Every structure is written in C-alpha cells, then in structure tokens.
There are 2 protein chains.
Amino acid sequence: MRDVARMAGVSIKTVSRVVNQQGEIAAATRQRVIDAINELGYRPNRLARAMITQRTHTVGLVIPDITNPFFPEVARGVQDVAQEHGYNVFICNTDGGAVATQKALYSLADQSADGVIVFPAALRDETLGEFAAAFRPVVTINHLFEHQNVGCIMVEIRRGAQMAVEYLCQAGHVAIGMITTEHPPKMKTRRVLGYTDILQAHGLPIRDEWIVTGPATLDGGYTLTHKLLDQFPEITAIFTYNDLMAVGAISACKEMARGVPQDCAIVGFDDIQLSTVTTPALTTVRVDKYAVGQQAMHCVLHMLEHPDQQFVPTSIPMQLVVRESA
Amino acid sequence: MRDVARMAGVSIKTVSRVVNQQGEIAAATRQRVIDAINELGYRPNRLARAMITQRTHTVGLVIPDITNPFFPEVARGVQDVAQEHGYNVFICNTDGGAVATQKALYSLADQSADGVIVFPAALRDETLGEFAAAFRPVVTINHLFEHQNVGCIMVEIRRGAQMAVEYLCQAGHVAIGMITTEHPPKMKTRRVLGYTDILQAHGLPIRDEWIVTGPATLDGGYTLTHKLLDQFPEITAIFTYNDLMAVGAISACKEMARGVPQDCAIVGFDDIQLSTVTTPALTTVRVDKYAVGQQAMHCVLHMLEHPDQQFVPTSIPMQLVVRESA
DNA sequence: CTGAAAGCGCTTACAG
DNA sequence: CTGAAAGCGCTTACAG
C-alpha cells in the first residue's frame, strides 16, 4: 500500500479511499492510484483490515460429519449465500461429540469468525449458553435456544414424522415399528413424538418395545431391522430415523425374504440421493437441506446487520416423497 | 492482554511470553499471569498474531462441489489432519468453472490462507502458474504441475482404468464401451488412456464411437447408456467415468431389459457409498479419497515447513472392488 | 479534495 | 528473569 501511494505520488490515506470507494476523489488522482495498483498487483490485506473493522468476512459451520450425505447439501446452502456476500466459510466436523463441538466453537471464535452456525447435537445447553454469552451471532440448526445472541433454524421434524406415520396408517398398517438413534432415557425425540402423535390419533397402542435404537447408519438400520422383525414378526411397517437406516432396513428385509413394501413397508427421513437408487426406491420425508443452509447463513447476515434485534426462529417445512418402499 | 498484564502487575511482554510458553519465567510470575488470564477469560487474538507471524493457521480447499459424494471424503481427510495441527479449513465450491476456481484461489490468498489445496479442473495451466507465482504453497490434486510453489497429489487414474478394463477382458468381454465426461477434442483423459491401453494389449480394436461423453451424473450415465446400447447393441460391458454414471447405467439397463451383469457388465470408478446399495451392487475401482485429503494436507504442512524444498508428487494407489455388476 | 497521526492486538529484536 | 519500543498493513476520526 505504501508502495502504491509512493508510485502514485499520494498519501496512503488516498489509496485507502480509492480501494474502499469512499469519499470524493479527483478523477485524475484516482486514475493514477488505480494504475499504480494494477502495475504493482496490489491486493489489500484483509487481515489488517479485519483488525480494524472487526469483520473478517468469515463464518464457521460446525457439523457432525461432512461425510454423512445430509450435511454437504446444507453446507452448500450456506456456502452459496456466503459467497454471494463475500464471505468464506470454515467447516468443522465434530462427530457429534460435545467436547469436539465446544472446541470447534471456541476455535472459530479465536479465528475471529464473524458468526457461527452449529448443529448442537450433544452439546449441553449450558455450554452453548456460555459460548453465546461471549460470541454473537451463533445460529443453531434444529435446536431451539432462547438467547439474544442466537438465532434458530428449525426443521419441522415432528410434523415430518407425523406425515410419514400418517401415510403408513392410511395404507392400513396397524403394527408400525420405529428405528431411531439412541437418546437420553425418558426423553422423546421429535421423530418419536410425531410417531406417537399419529398412533394415538388413530387409537393405536404405543408399544415401547417396537421402538428400537442404535447408530444412524446403514449398518445400524440393518441390524436393528433384524432385531425388530425377529422379535416382532407381526410388524408390517417401519419408520426410520433417516434414509441411511432405511436403506439398511431394506437390505435386512431382502435377506429375511420380506418383500418391500408388500411384507414390510419402509419410510425413511431426509431424502438423500441414496434413496433414489435403491430397489425399491425409498419413500421418505424430504428435508430441504439446501434451504436449511441458506436460511442459516441469511440468519447470520441478518443478525450481523442488526446487533440489537432478536431473530425469530425460522421453520423449514417438510414434504412426503412417495416412491416404492411404502 | 493489557488488562491481563495490569491485573498480574507485569508488562504485556511477559503475558505474551507465558501465552506462547517461550523464555524462562519465574514460576510465581507465571502463576500470577495464568490466574489473571483465567479470571479475565482472556483468549489471544489470532488475527493480531497472524499479522505479525504471517501465519493464519488457515488453509483453503477448492473443489467443484461438496455435494458430489466424492468430495466430502477428501474434505474430511484434509480437515482431520488440519485440525490435528491446529488449522481451520475453508471450503470453496467452483462447480468446475475456471473463473470460479480462479476467484476462489485469490479470495483465499486475500484471506491470507497459509496454503491452498485445489482440484484445478478447467483451470488453465497459465492461470494456475500465475497464481502459484504469487502464492505458496498450493497443492493440486490430480493435476501434475511443475513449479517450485506447488505440490501434487496424484491418483493413479490410468492404472485404475486399466484394472477395470482388464477385469472385463479377463471375463471374456470383447465389446466394451466407455462412458465418460466431455473433454477437449483430441485430448485423451487418463481414464480413456487406461481403457485403450488394455484393449490394445488384448489386440482388441479401439472404436471411437464406443466412447461417449456427457455430464458425470446419474442422469448423464442413464442417458448415455441408452444412446450407446441403442446404437451398438453388440456391446456387452461398459466402463464408466465414475460411480454416479455407473448407477445411471444400471437404471438404463434395467429399463432396456438388459440384465446386469449377464447382458451388460458395468464397472464404475471411485467407490462411493452409493455403489454398495444398488441392485446389483457396483463393481468399481476404489479411490482412497480420505487418503487423498490427508496427503494433500500433509503436503501443505510439509511445504510450509520447508519453503525451499521441492515436493515430490505423491501417488495414491487404486484397488479394484468386485461386487455384483461385473 | 487530500494529508498526518493514532491505533486495532499482538510479537520481535534489543536492552537491562 | 523482565520491560520499553517499534511495527505487521490497514482504517478512522480529525484537520486543512
């Protein structure tokens, strides 16, 4: 910058002014500066600028695992709107661990990220609150958290689960099992809530033994389906936590010579690409993952512009996608 | 930091020394400083530090599309080793465009990233060279580029293609088609080279009409397979550019009532998760994507530590995974 | 329309 | 073992 100023025969301040396009500048002066900039290949140092403006044009995205097909799409959503606004985005994987999440959050704050988007997963509310007290904005996805410094993007999970199970009921199923992830004892997740909502609405009994839990993976779905159907062969339909588990369930059914959907209907959750290529193709509840990412980034931007304003939680609607497995 | 110094009754310099664990410090003094740090919740500002040390502990990863199942795994590879070494990583999507790639590169340099990992895709060598002249280190994946400032991680694509086609030949196929992406006329990609290598080795004719090109997607594979088999029904095996295309090819064959693998064998490339859940499951060439990412990040780290050293290209070996489609 | 000075929050020689 | 000064590359009031 000094070199540019010298070459153009002006002060550093003037260079700064043309770079930032602020204030009035004599056309001739500006041209001289621009020429010097081009000749020297000068590019402003964003770090130095950031130190003054307190804006790094950087946001962090904290997710369990980019390798899980759910997350790349939301990542793309945030990246696309970030890029539109001149932001770069850090991505951190936590594998769902509470301490890894916490570390990632503070590491992002140390890097002076302007904002942070996080799937809080196992993170305790207390920890999240501590962080939010020192950092703003943070936006959580799928986790309601009331705080001046946090915005929330909510996927209507309970509604989605209701749609899935309702569809199964409409098709005449009365013995519907559920395969889901482990969760704290006694706590019902939104998916389980949606499931019981509908059973109740139809006057169907809720049998806790029909709800089995394990890792939300292909293998998890496979193993749990075996377990569930071995024990309760009367079950004719299964609603799963996500598509990965649903695809595992399809494999298990094939192996057990249970036709899908005739002998056992299966409905997944998320609508990832995988679900279109299985045989039968998966009936599932679509989450607009890309929109989730976009909204989250918009939320960050909004909170950055309005430091004093409370952000009202945004809801992302769900949609049932009927294919072949149910 | 000033507050910490004041509270501990020492100079700023002393605080800096305990934070960076450098130099000898009286135990009592150190303790006082540490207490002050904890009490105040002081965290060093990495930006300010970066401005001096010229190290942001930040790297950029420039890929076509995080939504393509190939890339999350390599991203995870670089992120994991990055994190181990205290680095955060920016991810930029380019959709394979040359100008988007160039923009991403310079944006990363503007952010003062310490290094950059890039799939150069459509980027012209000249552009890459210009960038590398002003920035170091850059490491390219799958693109050999001789330059003091660039390291290369090479996947043995030609070798992988040879393995795939050799397997098909061994199985007795003599009419083997190929579905691949568009590429500059007259230029043979490494996959096509591997394909022709083996045909030649077996004394089989090379028929350019049997090599069809289009987008490397599910749909692309589907459409091209229709086209290829409609025109040349004598073809009994197809080697595809990637697994996405291979899965599309399977769909097309099903629709055309061609049994896979009996009537038409199919071999893919990459070994993404998708390929395990199709019916039939895909035979493919495995690329260790995670290792690619790890190596790339190691390369960055190495080049950062040895500014004067030329990095020798690293090769990632391939492996044929035989499942059901061939 | 343009310039000189102070300062963002640190680290790096250099003294003592 | 510890301190005072300069400076990383910019921007922000404040003058003129």
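The values are calculated or read from the model by the stated rules, or taken from the named source; none is laboratory data. Here the structure is a predicted model, which means the values were calculated and not measured. Don't worry about glycine lacking a Cβ; one is built from the backbone with ideal geometry, like all the others, and counts go over all protein chains shown.
A few remarks follow.
- Hey, A:Val62 within 19 Å of B:Val62 (Cβ to Cβ), more than 10 Å from chain B (Cβ to nearest Cβ) and either crowded, with 24+ Cβ neighbours inside 10 Å or basic (Lys, Arg) (or both) or not: no
- Pair list, Cβ < 6 Å and 6+ apart or interchain, from segment B:30-49 residues that are more than 27 Å from A:Arg46 (Cβ to Cβ) to residues that are within 16 Å of DNA strand D (Cβ to nearest atom) and among the small types (Gly, Ala, Ser): B:Arg32/B:Ala8; B:Val33/B:Ala8; B:Ala36/B:Ala8
- B:Ile37, sole failed condition from (1) surrounded by 15 or more Cβ atoms within 10 Å (Cβ to Cβ); (2) modelled with pLDDT under 90; (3) away from DNA strand D (no atom under 16 Å from the Cβ): (3)
- Scan of segment A:269-326 for residues that are β-branched (Val, Ile, Thr), away from chain B (no Cβ under 14 Å) and in a helix (DSSP H, G or I), ordered by number: A:Val300
- Positions within segment A:102-124 being assigned to a helix (DSSP H, G or I) and either within 13 Å of chain B (Cβ to nearest Cβ) or acidic (Asp, Glu) (or both), in sequence order: A:Lys103, A:Ala104, A:Leu105, A:Tyr106, A:Ser107, A:Leu108, A:Ala109, A:Asp110
- Candidate set: segment B:4-34, residues that are surrounded by 14 or more Cβ atoms within 10 Å (Cβ to Cβ), near DNA strand D (Cβ under 7 Å from one of its atoms) and hydrophobic (A, V, I, L, M, F, W, C); chosen: the one modelled with the highest pLDDT: B:Val10
- Top-ranked residue of segment B:133-185 - restricted to ones that are buried (at least 23 other Cβ atoms within 10 Å of the Cβ) and touching a Cys at 6+ places or on another chain (Cβ under 7 Å), ranked as farthest from B:Ile63 (Cα to Cα): B:Gly151
- Checking A:Asp95 against (1) under 25 Å from B:Ala75 (Cα atoms); (2) more than 8 Å from chain B (Cβ to nearest Cβ); (3) assigned to a helix (DSSP H, G or I), the condition it does not meet: (3)
- Among the residues of segment B:35-57, none qualifies, meaning not one is touching a Ser or Thr at 6+ places or on another chain (Cβ under 7 Å), more than 10 Å from every other protein chain (Cβ to nearest Cβ) and either part of a loop (DSSP other than H, G, I, E, B) or more than 13 Å from DNA strand C (Cβ to nearest atom) (or both).
- Scanning segment B:6-34 for residues that are among the β-branched types (Val, Ile, Thr) and within 8 Å of DNA strand C (Cβ to nearest atom) yields B:Ile12, B:Val15, B:Val19.
- Residue that is farthest from A:Thr67 (Cα to Cα), among those in segment B:65-92 that are assigned to a helix (DSSP H, G or I) and at the interface with chain A (Cβ under 7 Å from one of its Cβ atoms): B:Gln79
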